[in-house]
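The values are calculated or read from the model by the stated rules, or taken from the named source; none is laboratory data. Small disclaimer: the values here were computed from a predicted structure and weren't measured. Cβ atoms come from the backbone with ideal geometry, glycine included; neighbour counts cover every protein chain shown. Accessible surface is based on the protein model in full, side chains and every heavy atom, while ligands, DNA and RNA are left aside. Shrake-Rupley method; radii C 1.70, N 1.55, O 1.52, S 1.80 Å.
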Amino acid sequence: MTTARLPLFPLNSVLFPGLVLPLNVFEERYRAMMRELLGTDGSQPRRFAVVAIRDGHEVAPTAPGLPDQTALPERGPAAGFGPDPAGAFHRVGCIADAATIRERPDGGFEVLATGTKRVRILSVDAGGPFLTAEVEELEEPQGEGAEVLAEGVLRAFRAYQERLAGARERSLSTGAELPDEPSVVSYLVAAAAVLDTPAKQRLLQAPDTAVRLREELRLLRAETAVLRHLPSLPAVELTRTPTSPN
């Protein structure tokens with residue numbers, strides 16, 4: 001396995017390979033991270049690791065909207081994550097490649113990154129201005145029956161979208177092309193489905209594509225069945241997810 005030491009960006013959401021990640025960075029520990037990434041050789045990818053914060057731990061206050069003016073002052077790279085920050089995070093995350101890092105006049109940053117590869121967090125270091133982690137890249141075995149499962153997941157995903165669109169009382173566009181490569185399907189559906197963070201984390205850390213697809217098929221069928229019996233639920237309640245930089 002390939003290992004590397006990367007800046008670590010904890011979020012209250014899960015990043016999947018292929019998913020676009022916009023970030024509004026205003027906390028000093030993450031500003032320092034972005035300044036360092038801007039200082040890297042322009043020919044090299046500006047990579048950092050994204051990891052989901054476990055339930056019950058403080059969420060790092062970086063979000064797509066305006067900064068929270070009531071937030072506590074910055075208290076170092078591990079602020080809010082306890083004496084052993086590694087225990088505050090899930091062990092499987094995703095590398096993000098920052099295509100754009102733009103510094104604002106107020107010193108914050110607007111960042112646009114894309115998830116690339118899954119990684120396992122081996123250790124976390126809080127000794128610098130921001131958290132860093134030693135990570136190992138995880139392979140993505142296809143698993144038995146992945147292609148057939150992907151077809152079933154796409155059908156179930158279409159039915160799920162149609163139920164959501166019906167509950168919103170608007171039509172679903174059918175012109176969008178969906179992928180057919182099993183691992184891409186598995187990550188697309190995992191990112192797009194309205195699921196809580198623990199469910200998304202279980203999908204991210206699935207041992208192979210077939211296992212992820214099989215779990216998605218189960219989840220989509222269950223969610224579609226719920227939507228079928230709640231046709232009058234307001235759309236905002238069906239689609240609301242916790243605010244996150246994702």
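Assorted remarks:
- Scan region 20-41 for residues that are charged (D, E, K, R) and open to solvent by less than 30 Å² (accessible area, probe 1.4 Å) and the total you get is 2.
- Residues located in region 180-209, provided they are surrounded by 21 or more Cβ atoms within 10 Å (Cβ to Cβ), under 21 Å from Glu162 (Cβ atoms) and over 12 Å from the mean Cα position of the chain (by Cα): Val185, Ser186, Val189
- Any hit, region 86-99, residues being out of contact with any Lys or Arg (no Cβ under 7 Å at 6 or more places or on another chain), surrounded by 15 or more Cβ atoms within 10 Å (Cβ to Cβ) and outside any strand (DSSP E or B): yes
- Residue selected from region 1-42 under the condition in contact with a Ser or Thr (Cβ under 9 Å, 6 or more places away or on another chain) and β-branched (Val, Ile, Thr), by the criterion nearest to Phe130 (Cα to Cα): Val25
- Criterion violated by Arg240 - all others in (1) open to solvent by 50 Å² or more (accessible area, probe 1.4 Å); (2) modelled with pLDDT of 90 or more satisfied: (2)
- Selection over region 100-128 of residues that are surrounded by fewer than 11 Cβ atoms within 10 Å (Cβ to Cβ) and within 18 Å of the chain's Cα centre (by Cα) gives a count of 0.
- Residue match in region 45-65 (condition: among the aromatic types (Phe, Trp, Tyr), modelled with pLDDT of 85 or more, in a loop (DSSP other than H, G, I, E, B) and open to solvent by less than 30 Å² (accessible area, probe 1.4 Å)): no
- Matching residues, region 210-224, being touching a residue at least 40 places away in the same chain (Cβ under 8 Å) and open to solvent by less than 50 Å² (accessible area, probe 1.4 Å): Ala210, Leu213, Glu216, Leu217, Leu220, Thr224
- No other residue among Glu134, Glu103 is of a type outside the set (Lys, Arg), in contact (Cβ under 8 Å) with a residue 40 or more places away in the chain and more than 14 Å from Arg91 (Cβ to Cβ) apart from Glu103.
- Criterion: modelled with pLDDT of 95 or more and touching an Asp or Glu at 6+ places or on another chain (Cβ under 6 Å) - qualifying residue of Phe109, Phe130: Phe109
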